[in-house]
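Following: one structure in structure tokens, then a few remarks.
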Amino acid sequence: MRVVSWFVCASAVMLSAPAASAAPLTNPLTPDQVTCDELQLERVAGRLAIVEGLAGSGAVGLHPSLFLWHSSDGGSTYSALAVTDGIMGPSGNLERQETQLALDLVLHPATDPLNPGRPLLPQGSLVRREQDSNLVTPAPLAAYLTVTMALEPNAQNPFQPTIPLLVNNLTATSDGEPPAAHADAAGRGITQDNLTSSCESALTDFDLRIFTVLSRTVRLAQCALLGGSLPSCNPDGSAYNITLFRGADPQTYRANVYFYAVDCENNTCSYGVISKVAWAFKMNWDASGTLTTGEVSVLPPCPNGPAPGCSDQQGDGTPLFILPPLWPGHSHQGQHVFDLGALLRYDSPGSPKNIPSATVNWGVLLANSAWN
């Protein structure tokens, strides 16, 4: 039996108020709008899967992550960033290097077909942004990323969709998979799950900037062999989806975290949601909107079972790092960079393995970057 677990990590970001004389950078949302965004992103993420392949081996790699967020005022356009599992080593000697695949997802409730006699159907398009991605030429054991989305009405397994969108960052065929820069298909799952309606129209350019910063700095790492964590660095294809969205407070950002599992035996696979973990980031910025300092902590467990805005009782203890952005595919980071960042972990309420909170110096982490 092979178990593929997909831990979709959840986080929340609270931004402290800028100076009173400065124009507001974000807008307030109602609790209903926040919940609508949260659940819509959950439904999209539940149809997405990421796999890290190893060229020439036919095997899956380690534990990649897929970040997902609205790229405009809610509704049918989304951005995504897929990253390889690039953090390894023991405590005190950690290293990070990775490749990335940037994506745009656009979903339409009905499209205008070439044949006027055909019915209007919902359609989705998934496209890689090549200027923001590492394109991989197949070489022995070179890691490449494949992202799939299931558009069928009842998606049983997004790793093996029946109506797929599939994009990768290959430049040539590897292990039978040809390069795929874009994909589009029609599928009624788009309207069945209400993936194109707008929950609100209040997102700002500053909101989108924070989503991007989080996608470049938050990392999950099974292969960071830290004290108190399990040695789970196995090439089992497990993966993480991290959804990023706004909170009700004008300066609050949130994300939901879901842990998915696929059990495969005798060519039969079952797929289901296991748990959710939520993190909250409280951040500060100056009058010009430059991020300065902040805190991060795990949100409390849900009292009555899974619900929006809280963590499930059981996590998986995967280390969560907040690190400076790097130039993927070209540079790496060593222990001195990890010492500048933050480390958190959630196993279960009261577990001695938990690292439930930490401080973050965003001014240091984003120095000399495009977001400073």
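The values are calculated or read from the model by the stated rules, or taken from the named source; none is laboratory data. Here the structure is a predicted model, which is why all the values come from computation and not from measurement. A quick note on method: Cβ atoms are made from the backbone with ideal geometry, for glycine too, and the neighbour counts reach across all protein chains shown. Heads up: the accessible areas ignore ligands, DNA and RNA and are worked out on the full protein's heavy atoms, side chains in. Shrake-Rupley method; radii C 1.70, N 1.55, O 1.52, S 1.80 Å.
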Open item on the list: Criterion first (assigned to a loop (DSSP other than H, G, I, E, B), under 20 Å from the mean Cα position of the chain (by Cα) and at pLDDT 90 or above) does residue 196 satisfy it?
Closed with: yes
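Of the residues in segment 123-158, how many are farther than 20 Å from residue 86 by Cα, assigned to a strand (DSSP E or B) and of a type outside the set (D, E, K, R)?
The qualifying residues number 8.
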message: Taking the conditions exactly as written (over 15 Å from residue 71 (Cβ atoms) and open to solvent by 70 Å² or more (accessible area, probe 1.4 Å)), does residue 138 satisfy them or not?
response: no
Of all strands (runs of 3 or more DSSP E) fully inside segment 253-372, the set with 3 or more residues that are more than 22 Å from residue 63 (Cβ to Cβ) is 277-285, 291-298, 357-361
Tell me, yes or no, whether segment 222-229 has at least one residue that is open to solvent by 40 Å² or more (accessible area, probe 1.4 Å), at pLDDT below 90 and under 26 Å from residue 60 (Cα atoms). yes
Scanning segment 278-302 for residues that are in contact with a Cys (Cβ under 8 Å, 6 or more places away or on another chain) and more than 26 Å from residue 370 (Cα to Cα) gives 278, 299, 300, 301, 302
Within segment 42-87, of all residues that are open to solvent by 20 Å² or more (accessible area, probe 1.4 Å), part of a strand (DSSP E or B) and more than 24 Å from residue 204 (Cβ to Cβ), the one modelled with the lowest pLDDT is 59
The one condition residue 177 fails out of (1) open to solvent by less than 10 Å² (accessible area, probe 1.4 Å); (2) out of contact with any Lys or Arg (no Cβ under 8 Å at 6 or more places or on another chain) is (1)
Looking across segment 257-298 at residues that are of a type in the set (S, T, N, Q) and either at pLDDT below 80 or in contact with a Lys or Arg (Cβ under 6 Å, 6 or more places away or on another chain) (or both), the single one that is surrounded by the most Cβ atoms within 10 Å (Cβ to Cβ) is 275
Item to check | Any hit, segment 299-315, residues being at pLDDT below 95, surrounded by 17 or more Cβ atoms within 10 Å (Cβ to Cβ) and either closer than 28 Å to residue 101 by Cβ or of a type in the set (Asp, Glu) (or both) | outcome: yes
